[in-house]
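The structure appears right after this line, and notes come after that.
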Amino acid sequence: MTSVWSTPHRPAPVDAVVALPGSKSITARELILAAIADGRSRLVRPLRARDTDLMAGGLRALGARIDEDGTDWVVTPQPLRGPAEVDAGLAGTVLRFLPPVAALATGPVRLDGDARLRERPNAGLLAALRALGVDVDHDGRGRAPFTVHGTGRVRGGPVEVDASESSQIVSGLLLAAARFDEGLDLSLTGGVPSMPHVDMTVTTLRERGVAVTATDRGWRVSPGPIAALDRVIEPDLSTAAPFLAAALVTGGRVTVRDWPEVTTQPGARLDRLLADMGAEVARTPEGLQVTGTGRIRPLVADLGEVGELTPVLAALCALADGPSRLTGIGHLRGHETDRLQALDEVLTAVGARVEQLPDGLVIEPGARRPALLDSYADHRMVHAAAVLGLAIEGVQAGNPGAVTKTLPDFVDRWAALLDEPAGVVP
Ligand SMILES: O=C(O)C1=C[C@@H](OP(=O)(O)O)[C@@H](O)[C@H](O)C1
Ligand SMILES: C=C(OP(=O)(O)O)C(=O)O
């Protein structure tokens, strides 16, 4: 992909129906569980993007068999073994879900990734693994690169876990825990962001017959079998955010197809969040339909449970008719980039006044101006730039290739949404 994308400007209302690929988070969980299950599992419509391909690659490096059958993945568990090298890219899911599985392998498994991955917090996970009797070499800060020296078994049992920097630390431990000799009795030492993602983990485990119970301080997973299961992956509702936002910005109408009736995906909260910002939201036989008036109301919200929606919502806030306040998202400083800093820079560049809080952002719209916006190697910052560009002529996104993380053909899909040619500038 070229290095600068001139994002399409679109003052006229959009009117589109959008089909989206599978959820990154559900695909990651199903790959992990399928690889340590009791038999073969089929994943129908998994997300094929950098993060999930890296997850499959990491599991294959440990010995799991993952075959392609059309667009499905068929996963056949095999004995897990090192030595292996795992490339986690920039994927938090690989960084936090793979090491507990590596601990169940025999031999050393080294995990590394992009330069920014080495900055992403992970000390809580590695400390927990060590407390469970796993030998892990790391730099002392608990960050990548590190090596897990698996012996083929993990004792398990009670463990205290600091997951204040990422819910994925909890999810990673719970996903592998049924294979630990004593299961796991996980007690939190503090808060956890993105709780719906932990609920997603618990639900996914229960669907495969794993006994998980909530306790006063965390969760208990009993040791036992993990059922093989064929699973259709839901569309990614967080990826839906920029497409639905286009309805608000242009005063148009966008329907995302096959919106699940019941889901643990945090993107499901878009219905209420976008309604709070002035959209009409309806479920139709086709999916979730969002209709905008062209006016956007400011948002005052704690986004701690739905942090990954922040870049797109913050872009909408910069186009709203008053100041917004987004809180509960201090942990976004450890995401693909420091998202609070990145959003401050980008929204300021297009004319908003932004104040960073320790755990959030205050965004006051100002006189709009064109700008070349960095992508910070962050897929969701490209989505945010695209949303801004609908309303502000002359918005360019540098390095739009960051979208490969979760939606490699985002630029083409955005053009299709607007029914325009792709608009990529060499
Ligand atoms: O478990 C998951 O699939 C995810 C959990 C969340 O991570 P954090 O708790 O680190 O925010 C979320 O932001 C990320 O995009 C996906
Ligand atoms: C935070 C995100 O990703 P990761 O799974 O790499 O943490 C995200 O997709 O917004």
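A few notes on this one:
- Residue, nearest to Leu332 (Cα to Cα), within region 113-125, restricted to residues that are in contact with a helix residue (DSSP H, G or I) (Cβ under 7 Å, 6 or more places away or on another chain) and part of a helix (DSSP H, G or I): Leu117
- Residues of region 291-311 that are of a type outside the set (Asp, Glu), within 16 Å of ligand 2 (Cβ to nearest atom) and outside any loop (DSSP other than H, G, I, E, B): Gly307, Leu309, Thr310, Pro311.
- Checked against the criterion of being buried (at least 18 other Cβ atoms within 10 Å of the Cβ), more than 16 Å from ligand 2 (Cβ to nearest atom), under 23 Å from the mean Cα position of the chain (by Cα) and of a type in the set (Val, Ile, Thr), region 322-337 has no qualifying residue.
Each row is one residue, and each column tells you yes or no for (1) within 16 Å of ligand 1 (Cβ to nearest atom); (2) closer than 30 Å to Ser164 by Cα; (3) without any contact (Cβ under 8 Å) to a residue 24 or more places away in the chain; (4) crowded, with 23+ Cβ neighbours inside 10 Å.
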residue: Arg380; (1), (2), (3), (4): yes, yes, no, yes
residue: Ala385; (1), (2), (3), (4): no, yes, no, yes
residue: Leu390; (1), (2), (3), (4): no, no, no, yes
residue: Ala402; (1), (2), (3), (4): yes, yes, no, yes
residue: Lys405; (1), (2), (3), (4): yes, yes, no, yes
residue: Trp414; (1), (2), (3), (4): no, no, no, yes
residue: Asp419; (1), (2), (3), (4): no, no, no, no
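- Count of residues meeting criterion [more than 17 Å from the chain's Cα centre (by Cα), over 13 Å from Val221 (Cα atoms) and outside any loop (DSSP other than H, G, I, E, B)] in region 187-198: 1
- Test set (1) over 15 Å from Leu31 (Cα atoms); (2) within 16 Å of ligand 1 (Cβ to nearest atom); (3) without any contact (Cβ under 8 Å) to a residue 24 or more places away in the chain - Leu125 fails condition number: (3)
Every residue, every condition in (1) buried (at least 20 other Cβ atoms within 10 Å of the Cβ); (2) under 28 Å from Thr404 (Cα atoms), yes or no:
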{"residue": "Asp276", "(1), (2)": "no, no"}
{"residue": "Ala279", "(1), (2)": "yes, no"}
{"residue": "Asp302", "(1), (2)": "no, no"}
{"residue": "Ala318", "(1), (2)": "yes, yes"}
{"residue": "Val350", "(1), (2)": "yes, yes"}
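- Per-region count, region 113-123, residues buried (at least 19 other Cβ atoms within 10 Å of the Cβ) and either farther than 12 Å from Glu165 by Cβ or more than 14 Å from ligand 2 (Cβ to nearest atom) (or both): 2
- For region 69-112, a residue qualifies if it is within 16 Å of ligand 2 (Cβ to nearest atom), crowded, with 23+ Cβ neighbours inside 10 Å and in a strand (DSSP E or B), and the qualifying residues are Val86, Leu111.
- Any chance Leu205 is in contact with a Leu (Cβ under 9 Å, 6 or more places away or on another chain), within 16 Å of ligand 2 (Cβ to nearest atom) and within 25 Å of Ala35 (Cβ to Cβ): no
- When Gly142 is tested against (1) surrounded by 16 or more Cβ atoms within 10 Å (Cβ to Cβ); (2) at pLDDT 95 or above, exactly one condition is not met: (2).
- Restricting Gly70, Gly107, Gly113, Gly82 to those that are of a type outside the set (Val, Ile, Thr) and modelled with pLDDT under 95 reduces the list to Gly82.
- For region 360-382, the candidate set comprises residues that are in a loop (DSSP other than H, G, I, E, B) and farther than 22 Å from Ala301 by Cβ; within that set, the residue that is farthest from ligand 2 (Cβ to nearest atom) is Ala367.
The values are calculated or read from the model by the stated rules, or taken from the named source; none is laboratory data. Quantities reported herein were computed from a predicted structural model and do not represent experimental measurements. When we count neighbours, we look across all protein chains shown, and the Cβ atoms used for this are built from the backbone with ideal geometry, even at glycine.
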